[in-house]
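Written below as C-alpha cells is the structure these notes are about.
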Amino acid sequence: MIKDIAPIIAFMLSMTVLLLVHPLLVRFALDKDIVDKPNARRLNRIPIPVLGGVGIFISSFVACVTNGLLTGIYPSFATLVALLVILCMGVLDDIRDLKPRTKFITQIAVVLFLVFADGLQIDNLHGVFGIYELPEYISLPLTVFSCVGLVNAMNLIDGIDGLSSGFCILAGLICYLFAMVQGNVVNGCMAISVIGALVPFFYFNVFGKKQKMFIGDSGSHFLGMLFAVMIMNTIHNYTPDDTTINNGIMAFTLAVMAHPVMDTLRVMTMRMVKGVSPFKADKSHLHHVIVASGLSHLRTTLLIVSLNLMVVAAWYTTFISGASPTVQFLSTLSAAVVCIMAPYFVAVKCLEKKSKTAS
C-alpha cells in the first residue's frame, strides 16, 4: 500500500522542503550578495537572488531518498554525485562567472563519469532510420554531445520569469507519465520529486516580491543534467518485450525537450550565418522577442510551454496511430520546427511592423 502512494509522498515532501528552505536561501543570497544584477542583457531592474537551484536540488534529493526508503528504489549513487557536481559548478558560476571552457570541461567530465559509472549511454536509436544498437565509437561522442548540448540549452532558455521552471514542470510531468508506462520507476521518482520542488518555486519566481528568486545557473545546469539523465535512462532502460513503447522512445525524447533544443539550434545557426561566435550572448531567443513584442513574462512562458505541448501532442498522435519510429521522429521534428522555430520569425515580423508604425 505504501508503495502505491510513494509518488504522492515524494511530491508533497519535495514541495514542503522547498517552502521551508526557499526563504532561508533568499536571505543568505542577499546577505552574501549572490544576486543577478541588472545589465544590458538582463530583464530585471533590481538585484535578484540566484540560488533557486540549490533549493530545488535539496528538495528533490530529500524526496528521492524518502521515496527510496518507502519503495527500495533509488537513483544511483553516481547520478546523485553527478547532479551534485553540476549544481556546485553552477553555484560557482553564479558567484564568480566561470569561464565557458571551465564549464564545458566540467560538463563533459560529469557525462563521462555517468557513462562509465552507470553505463548510461545513447546506445540505441530504436529503429529510427532503421538503426538500432550503436557501436561504442558512435554512442560515446553522441552521448557527450547530446547531454552537454541539453545542459547548455536549458541554461540558455532561462531568460524570463517562470520559463525554465514552468517548462520543466511540464517536461517532468510528461517524463513521469512516460516512465510509468515504460515501467521505469527510477525516472518516475526523479520526475515527481523535481516537480514537487518546481511548483512552489515557479510561484516565488513569477509572483514573489520579498521572496522572489531566480533559478540561477545552478538550477538551469542541475535541471539540464537531470533531464539528460532521465532521457539516457529512457533510451537505455527500455523494455525489451514492449516493442510498441520502444518505437516511440526517440521521438518522445525530442518532443519533450523540443523548445530548449530547437531554439538553441536556431539561435546558434543564425549567429554563425552572421559570422559571429555561436556562443556570443544576445537577445535572439524566442522568449526575448516575444517579451519585446509586448507580452508579459507569464504569458510568454505559458505560450512557449503550450507550443512545446503541441509538439508532444504531435508525437503522441503518430505514436498511437502505430507509425514507424522513423515517421514518428520526422513528424515530431517537423512539428518542432513549426511550433518552436516558426513563432520566432512571426514575432520578429510583428516587431518590425510595430516599429514602422511607431516611426
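When 114, 92, 173 are checked against the criterion of being assigned to a helix (DSSP H, G or I) and crowded, with 20+ Cβ neighbours inside 10 Å, 114 stands alone in meeting it.
Got at least one residue in the stretch 273-286 being modelled with pLDDT of 95 or more, of a type outside the set (Ser, Thr, Tyr), under 18 Å from the mean Cα position of the chain (by Cα) and over 19 Å from residue 245 (Cα atoms)? So far as the stretch 273-286 goes, no, none of its residues is modelled with pLDDT of 95 or more, of a type outside the set (Ser, Thr, Tyr), under 18 Å from the mean Cα position of the chain (by Cα) and over 19 Å from residue 245 (Cα atoms).
Output the residues belonging to the stretch 251-297 that are among the basic types (Lys, Arg) and free of Cβ contacts under 8 Å to residues at least 24 places away in the same chain.
271, 274, 280
Within the stretch 247-296, the set of residues being of a type outside the set (A, V, I, L, M, F, W, C), part of a loop (DSSP other than H, G, I, E, B) and surrounded by fewer than 19 Cβ atoms within 10 Å (Cβ to Cβ) comprises 274, 275, 277, 278, 280, 282, 283, 284, 293, 294, 296. Just checking, does the stretch 298-315 include any residue being of a type in the set (Ser, Thr, Tyr), farther than 26 Å from residue 58 by Cα, over 17 Å from the mean Cα position of the chain (by Cα) and surrounded by fewer than 17 Cβ atoms within 10 Å (Cβ to Cβ)? No: the stretch 298-315 contains no residue that is of a type in the set (Ser, Thr, Tyr), farther than 26 Å from residue 58 by Cα, over 17 Å from the mean Cα position of the chain (by Cα) and surrounded by fewer than 17 Cβ atoms within 10 Å (Cβ to Cβ). Output the number of residues of the stretch 189-209 satisfying the condition of being within 27 Å of residue 30 (Cα to Cα) and either among the hydrophobic types (A, V, I, L, M, F, W, C) or without any contact (Cβ under 8 Å) to a residue 40 or more places away in the chain (or both). Within the stretch 189-209, residues that are within 27 Å of residue 30 (Cα to Cα) and either among the hydrophobic types (A, V, I, L, M, F, W, C) or without any contact (Cβ under 8 Å) to a residue 40 or more places away in the chain (or both) number 13. Of all residues assigned to the stretch 7-23, at least one qualifies as being exposed (fewer than 15 other Cβ atoms within 10 Å of the Cβ) and either more than 22 Å from residue 189 (Cβ to Cβ) or of a type in the set (Lys, Arg) (or both). Remark: pairs (first residue in the stretch 114-132, without any contact (Cβ under 8 Å) to a residue 12 or more places away in the chain; second residue in a loop (DSSP other than H, G, I, E, B); Cβ separation under 9 Å; 6+ apart in sequence or on different chains) = 131/125; 132/125; 132/126. You will find that of 269, 264, 253, the residue that is of a type in the set (Val, Ile, Thr), under 17 Å from the mean Cα position of the chain (by Cα), farther than 20 Å from residue 158 by Cβ and modelled with pLDDT of 80 or more is 253 and no other. With respect to (1) in contact (Cβ under 8 Å) with a residue 60 or more places away in the chain; (2) more than 14 Å from the chain's Cα centre (by Cα); (3) in a helix (DSSP H, G or I), the lone exception for residue 234 is condition (1). Only a single item in (1) more than 16 Å from residue 226 (Cβ to Cβ); (2) in contact (Cβ under 8 Å) with a residue 24 or more places away in the chain; (3) part of a helix (DSSP H, G or I) is not met by residue 186, and it is number (1). For beta carbons closer than 8 Å, sequence separation of 6+ or different chains, a first residue in the stretch 23-35 that is more than 12 Å from residue 52 (Cα to Cα) and a second that is surrounded by 19 or more Cβ atoms within 10 Å (Cβ to Cβ), the qualifying pairs are 30/49.
Say whether the condition of being more than 19 Å from residue 228 (Cβ to Cβ) and aromatic (Phe, Trp, Tyr) is met by at least one residue in the stretch 56-74.
no
The values are calculated or read from the model by the stated rules, or taken from the named source; none is laboratory data. What you see is a predicted model, and the numbers here were worked out from it, not measured in a lab. FYI the Cβ positions are ideal-geometry reconstructions off the backbone, even for glycines, and counts take in every protein chain you see.
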